[in-house]
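Single-structure report; data block below.
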Amino acid sequence: MSDNTASLNVGGNSYDYAVMDGSVGPQVIDVRKLYANTGMFTYDPGFTSTASCESGLTYIDGDEGVLLHRGYPIGQLAEQSSFMEVSYLLLNGELPSKQELDEFTHTITRHTMVHEQLTTFYRGFRRDAHPMAIMCGVVGALSAFYHDSTDINDPEQRKIASHRLIAKMPTIAAMAYKYSAGQPFVYPRNDLSYTANFLRMTFSVPAEEYIPDPVVVDAMDKIFILHADHEQNASTSTVRLAGSSGANPFACIAAGIACLWGPAHGGANEAALNMLHEIGTVDRIPEYIARAKNKDDPFRLMGFGHRVYKNYDPRATVMQKTAKDVLEKLGVDDPIFDVAKELEQIALNDPYFIEKKLYPNVDFYSGVILSAIGFPTEMFTVLFALARTVGWVAQWNEMISDPAQKIGRPRQLYTGPVQRDYVPVSAR
Ligand code: CMC
């Protein structure tokens, strides 16, 4: 707690509110007593100025383009760590020892299978269902399968549910892909790494084994790390809000998946690649830049801009380099990558984008990599959900363990009709 207080003058009275310090980043004014003191609420649609919780997981400095998980910079984690290690770090607060990492990896590996009955659940969906629709349904259904890990007040059950979610998400995601492709489901294999196993479950068919290329496995693992957590974004806040009522973890993560699907959030990677294909060639870029700047045109440059980053998204830096490595290794000469690089250069030098501090975000280059690996665009947001599951789970655990936790219940500025008497239909 800082020595500072913030004073508010309302109706001739002055009220002092404590100013709280984080370990780094903006201070916050503790307004919890505001309504009791003044009878007033604060108004902040979209939470642009509101800290909804205290958290020790992830720190973002949007002006400087900094992203830290438990203090470690995302660039270092993406280059030197692994998704399993980052998952442990997010869940437990510290990097694991070799033994702790081996045990954690072993536990996750041993939870990758799903209840066999769950496989029949898929058949209720149309084959052309969007895999995110399937993800919402199937992950929500997990609570009907794993009753022994839904007591949120038991730390051991919370741990098991967390491990189950992280472990089963690749299996569920790969099955969603297989179902839409009309191919048989592929069971997990315990001798493969988390990421190699996911790629094999996705791309292997009974007629032909898929041997994951180490460059592709490495790129996929980096993409998972880059998406693992991002503090109180829309889907994470959804998970926390759902969890604040005491809902079970599987239901909460399903709620997060539903929120992530939107094009302003996790759906942007799909939208960004679709946009790059629509632009098609470098000579058409100016037309789209002009559209993005036109107030009367709803078109936006997808993969550009961010609520928090007013600088280059540090995840986009890693993503651009990874895209180059993967395309080179796979020998893919994708003209869309050239369009992306040129579009980025033109936008970064355009006064509109400079003034509004609009830079490429994590989604700008991810689609180029994912399509080079072989994923259809509908799967992009599914991959985001797979990776973000660890962040959601870690944030959910943090919230449940927080003694200050309360059911989330925002207030409102009511602008509807004031009380009036009901008029029978015959008299209207
Ligand atoms: N293209 C053109 N103009 C833009 C863009 C864009 N991509 N993004 C923002 N602007 C303009 C916007 O029109 C507004 O202009 P003005 O002040 O004149 O009205 C100004 O910049 C501020 O935009 P905003 O919508 O008020 O900002 P926000 O913080 O509410 O929105 C955003 C952030 C990410 C939703 C938005 O930048 C956007 O729609 N970007 C495209 C979608 C996208 O790439 N989303 C992925 C985000 S990163 C991954 C994730 O978190 O899921």
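What follows is calculated from the coordinates using simple rules that are stated; it is not laboratory data. Keep in mind that what you see is a predicted model, and the values were worked out from it rather than measured. Please note: Cβ atoms are built from the backbone with ideal geometry, for glycine as well, and neighbour counts cover all protein chains shown.
For Thr389, Thr109, what ranking results if the residue with the fewest other Cβ atoms within 10 Å of its Cβ goes first?
Thr109, Thr389
How high is the relative contact order of the chain, in percent, counting Cα pairs under 8 Å that sit 6 or more residues apart?
19 percent
Give me a comma-separated list of calculated 3J(HN,Hα) values for region 120-128, in order, Karplus coefficients 6.51, -1.76, 1.60 applied at θ = phi - 60°, integers in Hz, x for any Gly or Pro.
Result, rounded to whole Hz: 6, 4, 4, 5, x, 8, 5, 5, 8.
Using the number of other C-beta atoms within 10 angstrom as an exposure proxy, rank Ser245, Ser87 with the fewest first.
Placing the least packed residue first, the sequence is Ser245, Ser87.
Can you spot the lysines whose alpha carbon is less than 20 Å from Lys178's alpha carbon? Ignore those fewer than 8 places along the same chain.
Here the lysines satisfying the reach criterion relative to Lys178 are Lys168.
Taking θ as phi - 60°, what are the ³J(HN,Hα) couplings along region 333-349 by the Karplus curve (6.51, -1.76, 1.60), each to the nearest whole Hz, with x for Gly and Pro?
9, 9, x, 5, 5, 5, 4, 4, 5, 5, 4, 4, 4, 5, 5, 5, 9
Starting from the amide H of Tyr72, placed 1.01 Å from N in the peptide plane, find each other amide H under 5 Å away whose residue is 5 or more places distant or on another chain.
none
Restricting things to Cα coordinates, could you compute the convex hull volume per residue of region 288-428 in Å³?
Spread over its residues, the Cα hull of region 288-428 gives 255 Å³ apiece.
In which sequence would Met220, Met399 go, from the one with the fewest C-beta neighbours within 10 Å to the one with the most?
Neighbour counts put them in this order, fewest first: Met399, Met220.
Across the chain, what fraction of all alpha-carbon pairs, as a whole percent, falls in each successive 10 Å bin from zero upward?
The distribution over the chain is 4, 20, 29, 25, 15, 6, 2, 0, given as percents.
Over the alpha-carbon set of region 372-428, divide Rg by the Kirkwood Rh and report the Rg/Rh ratio to two decimals.
That ratio equals 1.36.
Taking θ as phi - 60°, what are the ³J(HN,Hα) couplings along region 45-52 by the Karplus curve (6.51, -1.76, 1.60), each to the nearest whole Hz, with x for Gly and Pro?
Once rounded to whole Hz, the list reads x, x, 6, 5, 10, 10, 8, 8.
Over 25 Å between Cα atoms: which of Lys98/Lys321; Lys329/Lys357; Lys293/Lys341; Lys222/Lys406; Lys295/Lys324; Lys159/Lys406 fall into that group?
Violating the 25 Å limit, Cα to Cα: Lys98/Lys321; Lys329/Lys357; Lys222/Lys406; Lys295/Lys324.
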